[in-house]
1. Tally time: how many residues in segment 437-486 are touching a Phe, Trp or Tyr at 6+ places or on another chain (Cβ under 8 Å), among the small types (Gly, Ala, Ser), touching a residue at least 24 places away in the same chain (Cβ under 8 Å) and over 30 Å from ILE155 (Cβ atoms)?
2. Can you say whether GLY304 is of a type in the set (Gly, Ala, Ser) and not assigned by TED's automatic domain parsing to the domain that holds ARG231, as far as the supplied structure shows?
3. So, LEU343, is that one assigned to a loop (DSSP other than H, G, I, E, B), closer than 25 Å to GLN458 by Cα and of a type outside the set (Val, Ile, Thr) or not?
4. Go through the residues of segment 388-401 one by one and say whether even a single one is outside the structural domain of GLU256 (by TED's automatic domain parsing), buried (at least 21 other Cβ atoms within 10 Å of the Cβ) and in a loop (DSSP other than H, G, I, E, B).
5. What helices (runs of 4 or more DSSP H) lie completely within segment 403-486 and have 3 or more residues being β-branched (Val, Ile, Thr)?
6. Which of the following residues is of a type in the set (Ser, Thr, Tyr) and assigned by TED's automatic domain parsing to the domain that holds GLY266: SER234, SER200, SER190, SER168?
7. Read through the list (1) closer than 30 Å to GLY173 by Cβ; (2) modelled with pLDDT of 95 or more, then give the number of the only condition that PHE361 fails.
8. Scan segment 25-37 residue by residue and report those that are surrounded by 16 or more Cβ atoms within 10 Å (Cβ to Cβ) and more than 19 Å from HIS196 (Cβ to Cβ).
Amino acid sequence: MESFVRSSALLLGGIISAPLLAGPLSDADRAAIVGDVDRGTPALSKTALQIWAYGEVGFQEQKSSALLQQELKAAGFRVEAGVAGMPTAFVASFRTGEGPVIGLLAEFDALPGLSQTADAARKAQPGMAAGHGCGHNLFGAASVAAAIATKKWMIEHGIKGELRVYGSPAEEGGSGKVFLVRAGLTRDVSAMLHWHPGDSNSASQGHMLANVSGKFRFHGVAAHAAAAPERGRSALDGVEAMDMMVNMMREHVPQEARIHYVITDGGKAPNVVPDTAEVYYYVRHPEQRVAGEIIERVKKAAEGAALGTGTTVAFDQTGGTFDTLPNDTLGKVMHSNLTHVTLPAYTAEEQAFIDQIRATFPNVPRARAASIPPYASGMIVPASSDVGDVSYTTPTVGMSAATWAPGTAAHSWQAVAASGTSIGVKGAVVAAKALALTAAELFQSPDTLAAAKAELEQRRGADFVYKSLLGDKPPALGYRKASGGQ
């Protein structure tokens, strides 16, 4: 997920009332589950920090995925790897009989260009080009820890049903979960649970933005830039002309829209007219329809740029995700269980690390990580996630846990640094406990699951038919590779 940051959320409709129908767990059950997560914390920490050290980007997370699969197999889960056309995706399941199917999402991809050591000052990690600026090393490890604790509770209490962990690669732009949904792998899930690292603890539910992304590849004619410029047709000119037109377009799109790009190939030498160039675009909006309309306008700008520069252009869509659909029935259950989790205290060394990080962005409240705000719903969260497609097809609930210093923005070196420390791990333990408690509660709450499904159907509309924004396009397995890679 790109970011589950709620601190910048814009309230859209206040609190939406929804019944809290689940039968709460007994104190003994809570204590047993929390205790199992605590006992598994060393393994969680080792896994999270190892994945942090791998720093593998989307669809290239071979070691990270294998490590999570290995842990689940050792815990007695049946694992199917390489699902939905994605070599690093997997589904791990533990089934005891007929009953609810509860799913847990697990992410593990890093972000390019964010190499960073686990220090409170900007310092690139030698030999690494990527970093876990969204904390997905913590995400996957905590979801697996939650699944292991929930499985033990199911066995001890004779709970019937199926528990699944969905290994979800390439959340950062590759839309991995879209392919899981499209392949029907989530179709029978009664409730899907997920979480995300952040700078605060919350189980409030909001709308994230729909996102369409892809690469515009321009082709021109190479020539000597000084001796024979008239023979050249610069592909880079095409990229720059397109970017200029899109930047003018920003004034004329809905204010909720977000458009960003990065030039991923601009040529290799100034004295060579580049015959290839590439620019990578994201377009976002709270509504899928509007995001689709804006990307069509961006495509027209690309065509005009190619015409004006004597080049050609092709668009390769690499991602496309729905906005997220909140489910307050499940959200209130998650919130209740989060409030039963004791939040961690920081050591003097950890607090010093946090204070050093905070000094890079002052005037941020200090106590946010030590509290849980009241439950709310209806806010717009200005980020995107492929959880959106899951949420439109399966009752889905998420939460955030404080894994970073207060005020830390996702996709920053500060987030990478904290995600590789005990501070990040402590937040992941909070998430693992809340996820396990919620999963256990839902296994024995058929009325809540029925209400959550009814809420999903009401929110998405009676005529809803799922159709991926990617159509039948296969996963863009090479989208993190050099220009032109597929």
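1. 2
2. Values: of a type in the set (Gly, Ala, Ser): yes; not assigned by TED's automatic domain parsing to the domain that holds ARG231: no.
For GLY304, the condition - of a type in the set (Gly, Ala, Ser) and not assigned by TED's automatic domain parsing to the domain that holds ARG231 - is not met.
3. Considered against the rule, which asks whether it is assigned to a loop (DSSP other than H, G, I, E, B), closer than 25 Å to GLN458 by Cα and of a type outside the set (Val, Ile, Thr), LEU343 comes out as no.
4. The answer is yes, given that some residue of segment 388-401 is outside the structural domain of GLU256 (by TED's automatic domain parsing), buried (at least 21 other Cβ atoms within 10 Å of the Cβ) and in a loop (DSSP other than H, G, I, E, B).
5. 422-443
6. On the way: SER200 fails: assigned by TED's automatic domain parsing to the domain that holds GLY266; SER190 fails: assigned by TED's automatic domain parsing to the domain that holds GLY266; SER168 fails: assigned by TED's automatic domain parsing to the domain that holds GLY266.
Criteria check complete, one pass: SER234.
7. Checking PHE361 against (1) closer than 30 Å to GLY173 by Cβ; (2) modelled with pLDDT of 95 or more, the one that fails is (2).
8. Quick first cut of segment 25-37, residues surrounded by 16 or more Cβ atoms within 10 Å (Cβ to Cβ) only: 25, 29-30, 32-34, 36-37.
LEU25, ASP29, ARG30, ALA32, ILE33, VAL34, ASP36 - these are the residues of segment 25-37 that are surrounded by 16 or more Cβ atoms within 10 Å (Cβ to Cβ) and more than 19 Å from HIS196 (Cβ to Cβ).
The values are calculated or read from the model by the stated rules, or taken from the named source; none is laboratory data. All values derive from a computational prediction rather than experimental measurement. Virtual Cβ from ideal backbone geometry, glycine too; neighbours counted across all protein chains shown.
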